[in-house]
1. Please give the per residue accessible area of the chain, computed with a probe of 1.4 Å over protein heavy atoms only, in Å².
2. What residues have an amide H closer than 5 Å to that of Gly94, excluding those fewer than 5 places away on the same chain, when H is modeled at 1.01 Å from N in the peptide plane?
3. From the protein chains alone at 1.4 Å, what is the descending order of accessible area for Lys46, Lys79, Lys85, largest first?
4. Among His18, Val34, Ser120, whose Cα projects farthest towards the positive end of the dipole of the chain, with charges put on the beta-carbon of Lys, Arg (+1) and Asp, Glu (-1)?
5. Check Arg31: other-chain or 5+ apart residues with amide H under 5 Å from its amide H, H built from backbone geometry?
6. Taking H placed 1.01 Å from N in the peptide plane, check which residues at least 5 places from Glu109 or on another chain put their amide H under 5 Å from its amide H.
7. Using a probe of 1.4 angstrom, how much of the accessible area of the stretch 1-105 is carbon and sulfur, in percent?
8. Grab the other residues whose beta carbon is less than 9 angstrom from that of Leu32, score K and R as +1, D and E as -1, and report the net.
Amino acid sequence: MAGTVITFGTFDVFHVGHLRVIERAAALGDRLVVGVSADALNFRKKGRVPVFSEAERLAIVAALKPVDEVFVEESLELKREYIQKFGADVLVMGDDWAGRFDEFSDICEVVYLPRTPAISTTALIEKISGTA
Ligand code: C2G
């Protein structure tokens, strides 16, 4: 399918679950734009400062082969503006967000992909810090 795909995420402590969602999102179009959550947004969302800074997370995501463009997602409330600004035809999110972005189906296709099982940033942090 031709077109621009957009997806969003924190992508902190980058892992294979992040890679898989990015690869599957890219396969739905011919250009992939990724919004990487600002540190302040992440703190508001999860009450935690990311392990890697927004500049580091942005650099990691930007270096991935399937990614054409990255930007900092400053607010969850700006999704409609971001979709329009980047001319996205498809919005992709993992299914932990299922149903949450259906309101944008008036301007693009909204697709939720199954999460990769058994891996998450939180679980990795717990494992590495010995609290798991
Ligand atoms: N993901 C996945 N499988 C995992 C872990 C994450 O498919 N095992 C997906 C999530 O579903 C999401 C993306 O990877 O689509 C990024 O995950 P997070 O970094 O946890 O992103 P999140 O904090 O949910 O931010 O505007 C929306 C938010 O910015 C999303």
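1. 52
2. HN-HN under 5 Å from Gly94: Leu113.
3. Working: Lys46 115, Lys79 5, Lys85 155 Å².
Largest to smallest exposure gives the sequence Lys85, Lys46, Lys79.
4. Ser120
5. Distant-sequence amide H within range of Arg31: Gly3, Val5.
6. Under 5 Å from the amide H of Glu109: Val90, Leu91.
7. Whole-percent figure for carbon plus sulfur exposure: 55.
8. -2
The values are calculated or read from the model by the stated rules, or taken from the named source; none is laboratory data. Computed from a predicted structure; not experimentally measured. Glycine also receives a Cβ, built like all others from the backbone with ideal geometry; neighbour counts cover every protein chain displayed. To get the accessible areas, we keep the full protein, side chains included, count just its heavy atoms, and leave off ligands, DNA and RNA. Shrake-Rupley method; radii C 1.70, N 1.55, O 1.52, S 1.80 Å.
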